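Quick note: the coordinates plus some simple rules give every number you see, no bench work behind them. Note that this is a predicted model, so its numbers are computed, not measured. All Cβ positions, glycine included, derive from the backbone under ideal geometry; neighbour counts span all protein chains shown.
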């Protein structure tokens, strides 16, 4: 697991180094030439060793420290630091990143080929796992994102068709499940998934025209159903009002004719041409 590495404020250590070097130079000036040369070489080695411990950490970044292959901790605080000398310091970004998958062609739960793509928002939360849990955490997130999107597309139909099932077009449900599944997949890499959204969803080109015709037919049937349902209610209301107000007394045959005429008028998709009965004309 990630742990904090040993560190000291860099400017404090740099000031101490300058004081020690200045004092050493003053002392060397009073020594014999041969002894002074040896001391200079020794001081140079010590200074180089100390200088190898300095590092700079930028905001929302971290330095993963290794001492001869052994993980010794992570420095996550921004600033100028001094740590254990002779350590390798790997830079790792903790900034929020976006990744958008390619448009993937898969079959939905009903077997229809669809094109789907998603955007994933993520960041590193465990530098140890991101560095040593996987070979390349960025590539790992990309591959797992595509795998999660493919699995999601095969689990839901493109449209629910009123059968009570959730569909890929229900963004909130699908996005939430994608975020949870992807978060479980990338936890090994020390990555947290903040959000995921479907950015592209469409039928594959080879069936897009047929599916569009089916959608149009379903829309027409639904609209006609509403029109007929409303027309029947209006006809019923008209007959009841005529009977209550005693405007005209209709027998069953005339009621049937009136119902038929009203339904034609209310359900027709064209403007009605009225015909006025003026009685029988005799030559």
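Each of 45, 152 has some number of other Cβ atoms within 10 Å of its Cβ, and from fewest to most they run 45, 152. When 1, 65 are arranged by Cβ crowding within 10 Å, least crowded first, meaning fewest neighbours, the order is 1, 65.
If the chain linking residue 119 and residue 170 were pulled fully straight, counting 0.36 nm for each residue of separation and taking away their Cα-Cα distance, it would gain 16.8 nm.
The DSSP beta bridges internal to segment 1-101 are antiparallel in roughly 95% of cases.
Need one number: nm distance between label points at residue 37 and residue 200, each 7 Å from Cα along Cα→Cβ, rounded to one decimal. Once both label points are built, they end up 7.2 nm from each other.
Taking label points 7 Å from Cα along the Cα-to-Cβ direction, residue 80 and residue 184 give a separation of 4.9 nm.
Among 200, 81, sorting on how many other beta-carbon atoms sit within 10 Å of each Cβ, with the fewest leading, yields 200, 81.
Label sites at residue 72 and residue 105, each approximated as a point 7 angstrom past Cα along Cα to Cβ, lie 5.4 nm apart.
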